[in-house]
Amino acid sequence: MKKALALLLALVMVFALCACGNSTAPATDPTEAPAEATPEATEAPVVSEETAAVLSKWTDDLYEPETSITYSATIVWPADASAVETAAKDVRPNTMIVAVDENLTVSTLDGEVLSENLAEYLASVKPTTLPALYIRDDATAAAVNAFAAEYSLADTFVVADYEHTQYVKDICDANVGVLGIIDWREAKLSTERSDLLTVIQNTNASHAKIAIIPEEIATLDAVEYMRGMLLTVWAETSADTTAIYTQITNGVNGIVCEDYAAVAEAISSFNDVTTLVRHVLITGHRGLPSEYVENTIRSERAAIDAGANVIECDISMSSDGELFVLHDDDAKRLFNRPDVTNVEDLTIAELQAMPYDMTDASAEEAPNSVLNANNTNRTTERRENTVLNYDPEADHIPTLREYLEALGDDDIVQFIEIKSYNPDIVTPFKALVEELDMTDRVCVITFNDGVDHWGDGSKDEAHDVMARMAEEWPEMSLGYLGCGENNWGDLNAVEEEQGIGAAVGQLYSYLQPYNSTCNDYNAMMFRNVIFAARHRGLTSWAWTYNTEELFAQDYLFGGTYSMTTNFSTWATNLPVRVVAEDMTVSNGDAFACTVLAQNDEVLSGCKLSLVSISGVPVSLDENGNIVATEAGEAVVMVRLDNTLDINGWDLSSLSSTDYAIYSTPITITVK
């Protein structure tokens, strides 16, 4: 027996030595790719119950600068050796990026060890910051995945560079509390649309919503395009003050900077009236149904002409396989065809042959008429019982192909809502968008997760359109439509009873599996939750704004990235951008810049001033002329002050209607 045990021990030792030798031996053929093998995960360390509770908790106490910016950028810091001490400071970053290895040792990105125990490190920083774990190899990815599963890790980011996105995808696919970031800083990128689309699609496909991009491509136009495509943009920024203000006014979602205190100070310097550093995008709900028949091509065109940034439409699939644009699943409303209970049972020819019901009568007499039912949310601005802009030759149910082709070269994003409960619609939908080469202008939104949110809460997997999207079209930006408590539960009650972190975690339990944005009804419904969730990369895309007070309230204070409305014309003449360039001037010269409205028209007579960042003092007099008392250079932002005024609405119920927007920094050289 002893001899047998000795022999067994010897064999084990020989095997171990061979394994060690193989780990460093060169491949016999360096041109041959090594066989892929799943690395064994490092066994998760045993931690105390108290530490385990912290690991699975969503954080309540994140730092918020005192600022007048509506939803300021989150502050992201590549941590140094003082990470643990920094997490305890009053002014601190929201997210701290550290590296981990296969042994779950935590270090700075430069390799300085912070802790040899990941659990202990997280327990020390998670109560007040969000950890971001940078993963650089297969073994580490496996170890972090196992650790996350073992302790139900929550409210923690995993990060990988653009060449190793699978690490993020694997971990986020398996752990609903872990959120993904893809680092594009070392990629050779330009601001060309093709490069920006690569960032969007590959980040989405990696089960991540956040992309860290290099400073040089984080321009105002690039950032607005990417965030308009539902991407959360974090920009690397140097510690230079001008660079920090540039990214604040570019509207990035997050600023990655080694000097987190300088970022906090810059954000806090905006401290008087409501400040909008991001253009609130206007989404035409079914086009412009306040003036045209909803979801028609002419309605789409009218919303574009009114200045909408995005057009929303609804699609289903006919019995002969054609995608068509229509909101309802029956033909009672708008067509007065109560006999058609499922429009997907009809062929496209039958659908397009149905005339709209244009009966000009009262709502009691003709409840299904376009004149009474086209806009289901009337306002005092809605004209009662008058004929809309209707053309019986042009207005019909369009195919999606017709609808998209009508855009031509218009550079406008389409939010296409899948109304169909049939997941098979995804395949032809994807094929059509790719055939028309419109992947750079389409995002998908839907309610359809297979759950009966308005009934018993049961789930029918056969109707889970979102799951099919995530499986078949993961690179496409996806928005999860919701109606407050019906979808996410009472998040306000969760916040009150368990804390803001628990409410954020509950919301993410719905959103994270689909890697989607939150497209909820009314941005203010769960404002605190959405406000806190922005630090996790969440963006809010709210609908539908058809009352004056709610439109004004959320435009100023809601923090939503887009406002979907039947009345795109309400925003047509609002100022949205101040464009200024570096200039050389003398005292008394007229100051020149351009103010653009929502519809891209140039506005005049705006109230402008200069806000100094550095350099010699420069200002504007009451006539808009330069006031400068000494020669030299000044770095300034141009500030526009405005009072929200739309059609003379009575907005006295709001705390204030004053707000400011800013240009990006410019240099003024005074002769």
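The values are calculated or read from the model by the stated rules, or taken from the named source; none is laboratory data. Since this is a predicted model, take the numbers as computed values, not measurements. As a convention, Cβ positions derive from the backbone with ideal geometry for all residues, glycine included, and neighbour counts pool all protein chains shown. Note: areas computed on protein heavy atoms with side chains; ligands, DNA, RNA excluded. Shrake-Rupley method; radii C 1.70, N 1.55, O 1.52, S 1.80 Å.
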Filtering the range 456-485 down to residues that are open to solvent by less than 50 Å² (accessible area, probe 1.4 Å) and more than 28 Å from V168 (Cα to Cα) yields G457, C483, G484
Within the range 408-435, the residues that are under 20 Å from M226 (Cα atoms) and among the aliphatic types (A, V, I, L, M) are I412, V413, I416, V433
Residue under evaluation A119, criteria (1) farther than 30 Å from H279 by Cα; (2) surrounded by 15 or more Cβ atoms within 10 Å (Cβ to Cβ); (3) free of Cβ contacts under 8 Å to residues at least 40 places away in the same chain, criterion not met:
(3)
By my count, strands (runs of 3 or more DSSP E) wholly in the range 577-671 with at least 1 residues that are at positive phi are 607-615, 632-643
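State whether one or more residues within the range 280-295 are in a helix (DSSP H, G or I) and either open to solvent by 30 Å² or more (accessible area, probe 1.4 Å) or among the small types (G, A, S) (or both).
In the first step, residues of the range 280-295 are kept if they are in a helix (DSSP H, G or I); the result is none.
No, that holds for no residue.
With the structure loaded, tell me whether N94 is crowded, with 23+ Cβ neighbours inside 10 Å and not aromatic (F, W, Y) or whether it fails that test. Quick ask: steps written out before the conclusion?
Numbers: crowded, with 23+ Cβ neighbours inside 10 Å: yes; not aromatic (F, W, Y): yes.
Considered against the rule, which asks whether it is crowded, with 23+ Cβ neighbours inside 10 Å and not aromatic (F, W, Y), N94 comes out as yes.
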Quick one: M637 ticks every box in (1) open to solvent by 40 Å² or more (accessible area, probe 1.4 Å); (2) more than 16 Å from T70 (Cβ to Cβ); (3) modelled with pLDDT of 95 or more except a single one, so which number is it?
(1)
Filter pass, T275 being among the hydroxyl-bearing types (S, T, Y) and either touching a Lys or Arg at 6+ places or on another chain (Cβ under 6 Å) or open to solvent by 10 Å² or more (accessible area, probe 1.4 Å) (or both)
no
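Would you call V611 under 19 Å from G251 (Cα atoms), under 27 Å from the mean Cα position of the chain (by Cα) and either modelled with pLDDT under 95 or not acidic (D, E) (or both)? It would help to see each step written out before you state the result.
Details: under 19 Å from G251 (Cα atoms): yes; under 27 Å from the mean Cα position of the chain (by Cα): no; either modelled with pLDDT under 95 or not acidic (D, E) (or both): yes.
It is false that V611 is under 19 Å from G251 (Cα atoms), under 27 Å from the mean Cα position of the chain (by Cα) and either modelled with pLDDT under 95 or not acidic (D, E) (or both).
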Inside the range 159-196, can you point out the residues that are touching a His at 6+ places or on another chain (Cβ under 8 Å), open to solvent by 20 Å² or more (accessible area, probe 1.4 Å) and not basic (K, R)?
D173
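Determine which member of the set L491, L538, L550 is at pLDDT 95 or above and either within 25 Å of M229 (Cα to Cα) or touching a strand residue (DSSP E or B) at 6+ places or on another chain (Cβ under 8 Å) (or both).
Values: L491 fails: either within 25 Å of M229 (Cα to Cα) or touching a strand residue (DSSP E or B) at 6+ places or on another chain (Cβ under 8 Å) (or both); L550 fails: at pLDDT 95 or above.
Within the list L491, L538, L550, the selection yields L538.
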Of everything in the range 507-519 that's open to solvent by 10 Å² or more (accessible area, probe 1.4 Å) and in contact with a Phe, Trp or Tyr (Cβ under 7 Å, 6 or more places away or on another chain), which residue is nearest to D173 (Cα to Cα)?
Y514
If we ask which residues in the range 128-158 are more than 22 Å from A52 (Cα to Cα) and either of a type outside the set (K, R) or open to solvent by less than 10 Å² (accessible area, probe 1.4 Å) (or both), their number turns out to be 3
Could you list all residues from the range 524-557 that are of a type in the set (A, V, I, L, M), open to solvent by 10 Å² or more (accessible area, probe 1.4 Å) and in a helix (DSSP H, G or I)?
I530, A532, L550
Using the structure shown, decide if S238 is open to solvent by less than 10 Å² (accessible area, probe 1.4 Å) and either out of contact with any helix residue (DSSP H, G or I) (no Cβ under 9 Å at 6 or more places or on another chain) or hydroxyl-bearing (S, T, Y) (or both).
no
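Taking V256 as the residue in question, decide whether it is surrounded by 23 or more Cβ atoms within 10 Å (Cβ to Cβ), among the aliphatic types (A, V, I, L, M), within 20 Å of L62 (Cβ to Cβ) and touching a residue at least 40 places away in the same chain (Cβ under 8 Å). Write out each step before concluding.
Details: surrounded by 23 or more Cβ atoms within 10 Å (Cβ to Cβ): yes; among the aliphatic types (A, V, I, L, M): yes; within 20 Å of L62 (Cβ to Cβ): yes; touching a residue at least 40 places away in the same chain (Cβ under 8 Å): yes.
Criteria met by V256.
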For the range 306-321, pairs from a residue that is free of Cβ contacts under 8 Å to residues at least 60 places away in the same chain to a residue that is open to solvent by less than 10 Å² (accessible area, probe 1.4 Å), with Cβ under 9 Å and 6 or more apart or across chains, are S318/F324; S318/V343; S318/L351
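I'd like to check something: does the range 305-315 contain any residue that is polar (S, T, N, Q), within 22 Å of Q414 (Cα to Cα), part of a loop (DSSP other than H, G, I, E, B) and open to solvent by 30 Å² or more (accessible area, probe 1.4 Å)?
Within the range 305-315, the first condition is being polar (S, T, N, Q), and the residues that meet it are 309.
Next cut, within 22 Å of Q414 (Cα to Cα) only: 309.
Within this subset, residues satisfying the condition of being part of a loop (DSSP other than H, G, I, E, B) are 309.
Checking the rest, the ones that are also open to solvent by 30 Å² or more (accessible area, probe 1.4 Å) come to 309.
Among the residues of the range 305-315, at least one is polar (S, T, N, Q), within 22 Å of Q414 (Cα to Cα), part of a loop (DSSP other than H, G, I, E, B) and open to solvent by 30 Å² or more (accessible area, probe 1.4 Å), which makes the answer yes.
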